[in-house]
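Visitor: I'd like to ask some things about the structure below.
The values are calculated or read from the model by the stated rules, or taken from the named source; none is laboratory data. Since we're looking at a predicted model, the values are computed, not measured. Please note: Cβ atoms are built from the backbone with ideal geometry, for glycine as well, and neighbour counts cover all protein chains shown.
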Amino acid sequence: MGRIDVAAYIWPSYTGDEPRTRIFWEEGIGEWQTVKNTAPKDNGYFWNRKPLWGYQNEADPGVMEFQIREALNYGVNVFIYDWYWYDGRPFLENCLNDGFLKAANSRDMRFYLMWANHDAGYTWDKRNAGRVESTVWRGTCSPEDFERIGKHWIQDYFCRENYYRIDGKPVVSIYDLNNFVRSFGGTEETKRAMERLNREAVKTGLPGVHFQFIRWNGKSENLTGVDGEVIETTPELVSQLGFSSLTHYQFVHFADIDRDYREILPDVYKEWDKIDREFAIPYYPHVSIGWDNNPRFKDFRPGIVRNNTPEAFEEALRAAKQFAEKRGLPLVTINSWNEWTETSYLEPDDLNGYGYLEAVRRVFIGKGDLEK
């Protein structure tokens with residue numbers, strides 16, 4: 001088979017260009033505010049690291065031109081943009097629309113959307129995270145809104161030459177399956193909504209839509225700061241709805257992550273094999289870099305991946321590549337390009353430098369490290 005595509009999720013919060021972000025990050029630089037202002041906890045724990053590229057505005061096309069070039073140099077050739085719809089309109093689209101799509105080299109990088117349709121609470125607001133348990137916006141939408149969403153996706157994204165496709169169909173992921181079904185009032189209504197979107201895509205000359213869902217398995221109920229609900233997705237439900245593939249967003253959604261990275265990996269591989277046996281649709285293997293969401297909270301939060309070195313991450317990448325090659329799969333997903341406040345990012349920092357990007361390059365391009 002040809003080269004496997006390497007897709008990294010993008011959390012589009014590193015800009016202050018979206019006015020509604022000010023309710024969470026009042027300094028006007030998006031969640032860089034949380035990264036920049038980290039401080040020691042009462043128990044002495046200190047998450048202390050800085051981005052080598054600085055606190056860049058990722059809604060700036062010049063910034064994204066640089067990031068696209070770096071990603072491609074190191075083997076990441078697809079960006080998966082977390083996409084939001086709250087209160088009847090998009091949220092955090094600036095990084096995609098103003099940064100990525102206006103970058104001079106944007107056509108060199110493919111992209112697709114993951115609808116991050118979880119409820120939004122105060123996890124993003126460090127002043128209240130873990131202390132105020134209320135919902136700012138619901139992740140559900142009305143059927144009428146979904147019609148608007150679908151037209152927006154088709155007209156503004158799916159028809160672009162660099163939108164990522166499988167079997168010619170534009171791919172869109174659904175993060176929170178419970179909220180997705182709840183939006184339409186049941187599984188049959190949800191299936192009909194997906195079919196309507198598929199027909200709208202066909203009208204524009206596309207062969208349809210490749211619906212991908214994000215797999216959870218219900219083991220995150222004791223964790224804090226995880227966006228979304230505990231979701232147990234069954235093969236029967238997935239087949240009934242008409243999804244075409246599945247992947248994961250984070251190891252934290254299905255594994256005990258409060259241990260060493262290499263101790264977690266056997267459970268990850270078992271999960272891959274289980275899904276491969278039980279689901280009739282393809283599973284694209286997923287690799288997370290780590291988990292530690294302490295930057296978002298004033299109090300210490302247990303549940304931290306330890307010793308997630310670039311070398312350990314490289315082991316997981318090699319296993320994912322082998323899994324994909326054995327089954328003839330075109331795609332591997334990575335969490336993430338820039339989830340700094342969850343400590344799972346490829347962007348270089350002052351702790352590991354370009355180590356994680358170099359691991360991707362060695363595994364998927366096969367060349368040695370670049371001189372920087």
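Visitor: Against the condition surrounded by fewer than 21 Cβ atoms within 10 Å (Cβ to Cβ), touching a strand residue (DSSP E or B) at 6+ places or on another chain (Cβ under 8 Å), over 22 Å from TRP83 (Cα atoms) and modelled with pLDDT under 95, how does ASN217 come out, does it pass?
Guide: yes
Visitor: Something else now. State which residue pairs qualify: first residue farther than 19 Å from ARG165 by Cβ and inside segment 69-82, second residue at pLDDT below 95 and surrounded by fewer than 20 Cβ atoms within 10 Å (Cβ to Cβ) in any location, beta carbons under 7 Å apart, and separation of 6 or more residues or different chains.
Guide: ASN73/LEU370
Visitor: What about ARG262, is it assigned to a helix (DSSP H, G or I), on the phi < 0 side of the Ramachandran plot and in contact (Cβ under 8 Å) with a residue 40 or more places away in the chain?
Guide: It is true that ARG262 is assigned to a helix (DSSP H, G or I), on the phi < 0 side of the Ramachandran plot and in contact (Cβ under 8 Å) with a residue 40 or more places away in the chain.
Visitor: Still on this structure, please answer the following. Select, from GLU93, GLU144, GLU65, the only residue that is over 30 Å from ARG318 (Cβ atoms), crowded, with 20+ Cβ neighbours inside 10 Å, at pLDDT 95 or above and of a type outside the set (A, V, I, L, M).
Guide: Result of the check over GLU93, GLU144, GLU65: GLU93.
Visitor: Here is a list of conditions, (1) within 29 Å of LEU197 (Cα to Cα); (2) of a type in the set (Asp, Glu); (3) modelled with pLDDT of 95 or more, and GLU278 meets all of them except one; can you say which number that is?
Guide: Exception for GLU278: condition (3).
Visitor: Further, regarding this structure: Does any residue of segment 86-100 turn out to be under 17 Å from ASP17 (Cα atoms) and part of a loop (DSSP other than H, G, I, E, B)?
Guide: For segment 86-100, residues under 17 Å from ASP17 (Cα atoms) and part of a loop (DSSP other than H, G, I, E, B): present.
Visitor: Being within 18 Å of TYR55 (Cβ to Cβ) and polar (S, T, N, Q) is the filter here; which residues of segment 326-351 pass it?
Guide: SER336, ASN338, THR341, THR343
Visitor: I'm trying to understand the selection: among the residues of segment 320-358, which are of a type in the set (A, V, I, L, M) and either in a strand (DSSP E or B) or touching a Lys or Arg at 6+ places or on another chain (Cβ under 9 Å) (or both)?
Guide: LEU331, VAL332, ILE334, LEU351
Visitor: Quick one: count up the residues across segment 321-372 that are closer than 23 Å to LEU113 by Cβ and of a type in the set (A, V, I, L, M).
Guide: 7
Visitor: Keeping to segment 160-174, report how many residues are of a type outside the set (D, E, K, R), within 13 Å of ARG110 (Cα to Cα) and outside any strand (DSSP E or B).
Guide: Final tally of qualifying residues: 2.
Visitor: Look at segment 242-259 and say how many of its residues are more than 30 Å from ALA193 (Cβ to Cβ) and not in a loop (DSSP other than H, G, I, E, B).
Guide: So the answer is 1.
Visitor: How do the pairs read when you match residues in segment 183-202 that are at positive phi with residues anywhere that are modelled with pLDDT under 95, using Cβ under 6 Å and keeping only pairs 6 or more apart or on different chains?
Guide: Pairs that qualify, where the first residue is at positive phi and the partner is modelled with pLDDT under 95: there are none.
Visitor: Out of segment 138-196, which residues are touching a strand residue (DSSP E or B) at 6+ places or on another chain (Cβ under 7 Å) and among the polar types (S, T, N, Q)?
Guide: ASN162, SER173
Visitor: Residues PHE300, PHE323: which one is hydrophobic (A, V, I, L, M, F, W, C), surrounded by 15 or more Cβ atoms within 10 Å (Cβ to Cβ) and more than 15 Å from ARG49 (Cβ to Cβ)?
Guide: Residue meeting the stated conditions: PHE323.
Visitor: In segment 153-183, what residues are within 23 Å of THR234 (Cβ to Cβ) and aromatic (Phe, Trp, Tyr)?
Guide: TYR175, PHE180
Visitor: Any residue that is modelled with pLDDT of 95 or more and surrounded by 15 or more Cβ atoms within 10 Å (Cβ to Cβ) - is there at least one of those in segment 230-243?
Guide: Checked against the condition, which is being modelled with pLDDT of 95 or more and surrounded by 15 or more Cβ atoms within 10 Å (Cβ to Cβ), segment 230-243 yields at least one hit.
Conditions tested, residue by residue: (1) surrounded by 19 or more Cβ atoms within 10 Å (Cβ to Cβ); (2) within 28 Å of TRP25 (Cα to Cα); (3) in contact (Cβ under 8 Å) with a residue 60 or more places away in the chain; (4) among the hydroxyl-bearing types (Ser, Thr, Tyr).
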site: ASP108; (1), (2), (3), (4): no, no, no, no
site: TYR112; (1), (2), (3), (4): yes, yes, yes, yes
site: GLY121; (1), (2), (3), (4): no, yes, no, no
site: LYS126; (1), (2), (3), (4): yes, yes, yes, no
site: PHE158; (1), (2), (3), (4): yes, no, no, no
site: PRO170; (1), (2), (3), (4): yes, no, no, no
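Visitor: Let me spell it out: the conditions are (1) farther than 25 Å from SER13 by Cβ; (2) of a type in the set (Gly, Ala, Ser); (3) surrounded by 23 or more Cβ atoms within 10 Å (Cβ to Cβ); (4) touching a helix residue (DSSP H, G or I) at 6+ places or on another chain (Cβ under 7 Å), and ALA280 meets all of them except one. Which number is the exception?
Guide: (3)
Visitor: Please go through segment 301-344 and pick out each residue that is closer than 30 Å to THR34 by Cα and either at pLDDT below 95 or among the charged types (D, E, K, R) (or both).
Guide: ARG301, PRO302, GLY303, ARG306, GLU311, GLU314, GLU339, GLU342
Visitor: Also: For segment 24-70, name all the residues that are of a type in the set (Asp, Glu) and not in a loop (DSSP other than H, G, I, E, B).
Guide: Of everything in segment 24-70, those that are of a type in the set (Asp, Glu) and not in a loop (DSSP other than H, G, I, E, B) turn out to be GLU65, GLU70.
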